Amino acid sequence: QGQLVESGGGLVQAGDSLRLPCVASGRTFSFYAMGWFRQAPGREREFVASISSGGGSTVYADSVEGRFTVSRDNAKNTMYLQMNSLKPEDTAVYYCATRPGGISRYDSSYAYWGQGTQVTVSS
């Protein structure tokens, strides 16, 4: 759909919160579902959360359910991942992605990806 830029990562302690924005370029942002994925060293990329084009539907990985919230502001061409009660196992590079169509849990279905932002959670 275009360029995606994540930011907001950093080093935090367990129990802290972070908010990651993903800013998208392009004229059809509001028609695309978006998702968040993460990849830890030595691990496969894993699904985190996804949100429908209008923001009315969301889905989360079991590991983040109740702690993370995905949202979007189509007027600002921006998706957010609010991460609360962070745990050391949340440490990873976080990526945002977008695809035409609906919510998907599968990274292979996403067409455009950001560069990633590092989140490190210490104990």
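No value in this document is a laboratory result; all are computed from the given coordinates. Only a predicted model underlies this, so the values are computations on that prediction, with no experimental measurement involved. Positions of Cβ are generated from backbone atoms using ideal geometry, with glycine treated the same way; all protein chains shown enter the neighbour counts.
Whole-percent P(r), the chain, all Cα pairs, 5 Å bins from 0: 2, 13, 24, 27, 19, 10, 5, 1, 0.
Were the residues from Arg67 through Glu44 laid out at 0.36 nm apart, the gain over their Cα-Cα distance would be 6.1 nm. Structural descriptor for region 34-76: relative contact order 29 percent, calculated from alpha carbon pairs under 8 angstrom and at least 6 residues apart. Given DSSP loops and a limit of at most 10 other Cβ atoms within 10 Å, what is the longest stretch of the chain that contains no such GluC sites (Glu not before Pro)? Formally, the longest exposed-site-free interval is 66-123. With contacts taken as Cα pairs under 8 Å and at least 6 residues apart, the chain reaches a relative contact order of 37 percent. In loop segments of region 30-80 as defined by DSSP, the trypsin sites (Lys or Arg not before Pro) with at most 10 further C-beta atoms inside 10 Å of their C-beta are Arg43.
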